[in-house]
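Every number here is computed from the coordinates shown, using simple stated rules; none is lab data. What you see is a predicted model; the values in this text were computed from it and never measured. Cβ placement follows ideal geometry from the backbone for every residue including glycine, while neighbour counts extend to all protein chains displayed.
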Amino acid sequence: EAQVTQNPRYLITVTGKKLTVTCSQNMNHEYMSWYRQDPGLGLRQIYYSMNVEVTDKGDVPEGYKVSRKEKRNFPLILESPSPNQTSLYFCASSRSPGLAGGPEQYFGPGTRLTVT
Amino acid sequence: AQRVTQPEKLLSVFKGAPVELKCNYSYSGSPELFWYVQYSRQRLQLLLRHISRESIKGFTADLNKGETSFHLKKPFAQEEDSAMYYCALISGSARQLTFGSGTQLTVLP
C-alpha cells in the first residue's frame, strides 16, 4: 500500500531533550516536506527536500533540523525542544513539484508532540 | 509574498443546503490552487485542483483571477462533508505549497 508513515504518533517530552520524528514513504517520491499544524494558523511548512541531500527552509524552520540521506526517509530533528514547539506535525511527499498542475501531496497520519 | 486567506474558521450549514467555502489568494505569478480536506481522524488528502477543472464528491471550485479567489462550492451539502478544508497555493521557484488557515465545515442534520 502506498503510504507515508510517521513515528511516533504521540510524544510527550521535556524542554531541551533532543528528539527525532521519523518519516518514510514507499512511493519513490522526490519531494518531501514537514509541516506543523496549529489552531487558527493552518499548516505551515517547516522544511522541504527536493531530492536526496537537497533540503531547504520553509516558513518556520527555527528550532528544527532535517536530513535526507535516502530518498524514502526524511526525519525531523528537534535538538532542544521548547514548549512553543508543541504542535501537530505532518510529513508529506509527492513527485517533483515542478510537474505541471502540481502533483498531489500525500500526507502522513501526524505526530502530536507536547513539550513541557 | 504569496498568501492564502480563508476568512471563515467555522462554517455550519444544514444538510441539503448549498455550501461555499471562501478562499482568496495573493500571488504575483500564475496561480496553481488546490483544496485539501481532512476528515475526522483521517489524513489530509487532496480534494481537487483548479487545473483539472473537475468535480469531486459534488464539490467544484473555479479560479477567478479578477477577484483572486478559488471558492469551494457544493449545491447540496451532506453530513459526511463535515471536515476541515484547506485551500493551498503552489508558488516560488521551489514550488512550495502554502496553505490557508482552514475552515471547519459542519453539516447539520
Checklist outcome for this item: With DSSP loop assignment and no more than 15 other C-beta atoms within 10 Å, the GluC sites (Glu not before Pro) in the range B:63-100 are B:67
Checklist entry - Taking Cα pairs under 8 Å and at least six residues apart, what relative contact order does chain A come out at, in percent? => result 35
Checklist entry - What is the Rg over Rh value, at two decimals, for chain A, using alpha-carbon atoms and the Kirkwood definition of Rh? => result 0.96
Checklist entry - Can you list the HN-Hα couplings for the range B:67-78, worked out from phi with the Karplus curve (6.51, -1.76, 1.60; θ = phi - 60°), rounded to whole Hz and with x for Gly and Pro? => result 9, 6, 10, 8, 6, 9, 10, 8, x, 9, 6, 10
Item to check | Whole-angstrom Cα spans of the range B:38-97 along principal axes, big to small | outcome: 38, 26, 18
Item to check | Cross-link reach list, lysines versus residue B:65, counting only Cα pairs under 19 Å and skipping chain neighbours closer than eight places | outcome: B:22, B:73
Next on the checklist: Taking a virtual spin label 7 Å from the Cα of residue B:1 along the C-beta vector, which residues in the range A:18-39 bring their backbone nitrogen under 16 Å of it?
Outcome noted: A:36
Checklist entry - How big is the Kirkwood radius of chain B, worked out from every pair of different alpha carbons and given in Å to one decimal? => result 14.0
Item to check | Coordinate range along principal axes, alpha carbons of the protein assembly as shown, Å, largest first | outcome: 50, 37, 36
Checklist entry - According to a simple spin-label model (label point 7 Å from Cα along Cα-to-Cβ), what is the distance in nm between residue A:84 and residue A:26? => result 3.9
Checklist entry - So how far apart, in nm, are the two label points at residue B:68 and residue B:30 if each is 7 Å from Cα heading toward Cβ? => result 1.9
